[in-house]
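Undergrad: Below you'll find the structure I mean.
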Amino acid sequence: MATGGANNGGVTFDTKQMLGIYGGTLALCGLLNSGPVKIIALINDSSVWWHVLGTALIVIALPCIAAVKQPASFAFTSFADNSEETGVYNPGYIFFLGLLMSQWTITGFDASAHMSEETTGAALAAPYGILSAVGASAVIGWAYIFALVFCIQDPSNLFNPDSATGGALPVFQIFWDVFQSKWGSGKASLVLAVFPLIAALYATPFA
């Protein structure tokens with residue numbers, strides 16, 4: 001949907017279309033959650049593998065393809081507020097907004113406790129699930145963030161309304177710029193973009 005800028009304006013949905021997509025997504029989630037427990041278990045298991053293997057592919061592919069690698073000073077000490085693009089001019093407020101991404105992840109750690117009554121050996125399985133979720137998210141999450149930040153080709157392009165994503169999706173713009181830097185076109189990056197999109201879809205039925 002974010003196919004603006006270099007891709008000729010993208011697609012704009014009106015209120016009815018947005019509500020239709022929202023209602024269709026809820027209906028799909030309700031249908032999945034109404035199915036047998038074995039089906040839900042299969043979705044959960046495949047979700048784990050999709051998240052781990054998909055993230056691993058992105059973490060490995062981006063540095064291997066990127067023509068430009070940002071220095072450690074850029075990754076760890078630079079602060080880009082993008083005030084003109086976001087309309088937020090308070091650096092402290094922008095910093096706290098950036099922390100929200102980790103907060104969304106933290107809200108999922110207690111899922112093991114909510115599901116413990118359905119688990120064999122819940123006294124051990126629930127805390128083990130919480131601790132393993134924290135540990136896995138820390139390791140895989142840091143690797144993912146490092147791959148993205150170190151492989152930014154042009155920081156000014158991430159929120160540029162004339163970019164391939166119209167400035168709407170900076171992560172996908174990183175994908176696009178990395179592939180474009182290597183082969184002159186970013187269209188192949190859509191292969192990598194499929195992984196976070198389907199990962200988000202996996203999370204939706206259990207939200």
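The values are calculated or read from the model by the stated rules, or taken from the named source; none is laboratory data. Just so we're clear, the structure is a prediction, and the values are computed from it rather than from any experiment. Cβ placement follows ideal geometry from the backbone for every residue including glycine, while neighbour counts extend to all protein chains displayed.
Undergrad: List every residue pair whose Cβ atoms lie under 7 Å apart, where the two residues are 6 or more positions apart in sequence or sit on different chains, the first residue falls within the range 30-49 and is touching a residue at least 12 places away in the same chain (Cβ under 8 Å) and among the aromatic types (Phe, Trp, Tyr), and the second residue, located anywhere, is assigned to a helix (DSSP H, G or I) and surrounded by 12 or more Cβ atoms within 10 Å (Cβ to Cβ).
TA: Filtered contacts from the range 30-49: no entries.
Undergrad: Just give me the residues in the range 79-97 being surrounded by fewer than 12 Cβ atoms within 10 Å (Cβ to Cβ) and under 15 Å from Pro155 (Cβ atoms), in sequence order.
TA: Scanning the range 79-97 gives Phe79, Glu84, Thr86.
Undergrad: Something else now. Could you figure out which of (1) surrounded by fewer than 16 Cβ atoms within 10 Å (Cβ to Cβ); (2) out of contact with any Ser or Thr (no Cβ under 7 Å at 6 or more places or on another chain) isn't true of Phe159?
TA: That leaves (1) as the condition not met.
One line per residue, one yes/no per condition, for (1) of a type outside the set (Phe, Trp, Tyr); (2) under 22 Å from Val52 (Cα atoms); (3) touching a His at 6+ places or on another chain (Cβ under 6 Å); (4) modelled with pLDDT of 85 or more:
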residue: Ala126; (1), (2), (3), (4): yes, yes, no, no
residue: Ser156; (1), (2), (3), (4): yes, no, no, yes
residue: Asp162; (1), (2), (3), (4): yes, no, no, no
residue: Val178; (1), (2), (3), (4): yes, yes, no, yes
residue: Ser181; (1), (2), (3), (4): yes, no, no, yes
residue: Gly186; (1), (2), (3), (4): yes, no, no, yes
residue: Ile198; (1), (2), (3), (4): yes, yes, no, yes
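Undergrad: Right, next: Quick one: would you say Gly141 is part of a helix (DSSP H, G or I) and either modelled with pLDDT of 80 or more or in contact with a helix residue (DSSP H, G or I) (Cβ under 6 Å, 6 or more places away or on another chain) (or both)?
TA: When the stated conditions are applied, Gly141 passes them.
Undergrad: Just give me the residues in the range 167-207 being crowded, with 20+ Cβ neighbours inside 10 Å, touching a helix residue (DSSP H, G or I) at 6+ places or on another chain (Cβ under 7 Å) and not in a helix (DSSP H, G or I), in sequence order.
TA: Hit for the range 167-207 is Gly186, nothing else.
Undergrad: Looking at Gly30, Gly54, which one is in a helix (DSSP H, G or I), of a type outside the set (D, E, K, R) and under 30 Å from Phe159 (Cα atoms)?
TA: Residue meeting the stated conditions: Gly54.
Undergrad: Oh, and also: Note down all Cβ pairs under 8 Å where the first residue falls in the range 155-170 and is free of Cβ contacts under 8 Å to residues at least 60 places away in the same chain, the second is aromatic (Phe, Trp, Tyr) and surrounded by fewer than 20 Cβ atoms within 10 Å (Cβ to Cβ), and they're at least six residues apart or on different chains.
TA: Taking only residues 6 or more apart or on different chains, the pairs are Pro170/Phe159.
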